[in-house]
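Below is one structure, written out as structure tokens, with a few remarks after it.
Since every read-out is calculated from the coordinates, none of them should be taken as a lab result. Every value quoted in this text rests on a predicted model; they were computed, and no experiment measured them. FYI the Cβ positions are ideal-geometry reconstructions off the backbone, even for glycines, and counts take in every protein chain you see.
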Amino acid sequence: MLAGQLALIAAALFTGAALYVSACEQPARLHLEDGALLTQWKPAYKRGTAMQAPLALVGALLGVIAWWQTSDWRWLAGGAVILANWPFTFLVIMPTNNALRALDRTGGDPRSRGLIEKWGHLHAARTALGLAATILFLAASLRT
């Protein structure tokens, strides 16, 4: 079933990108000085959002289509979990994002490090949501 396979691919891509940020980019970023830390975070976040947001949306839509085709609850659950990244980002992460975007990146604002550390912890939850969706989609795909 094509919709389910594509949902799994979208969720796995989302998860891989989120895991890379959590396990590689964020720890490396934290070795930078405060000014460079914020200078690096701003464009990286913008590009990451442009990639991950559509993957979450596409994965959710394809999960719903796969559920509609098979009636397997795991497709629907996986779609809901991957889509949960959107409200989680808007409700939980966005205040931190807005605070970071408001800082002057050339001045090396001392608040930037604490906010970026907080952002990294919050972003780890996005990685967990992506992984949970991927596992649900994989389990459903192994059954069909």
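Take ALA124, project a point 7 Å from its Cα along the Cβ direction, then tell me which residues of the stretch 74-98 have their backbone nitrogen under 17 Å from it. Only 93 pass the distance filter. Applying a DSSP loop filter and a limit of 10 other Cβ atoms within 10 Å to the trypsin sites (Lys or Arg not before Pro) in the stretch 56-109 leaves nothing.
Counting only other residues whose beta carbon sits under 13 Å from that of GLY78, what net charge do I get with K and R as +1, D and E as -1? Value of the local net charge: +1. On the basis of the beta-carbon distance and an R0 of 35 Å, LYS46 and ARG143 show a calculated FRET efficiency of 0.35.
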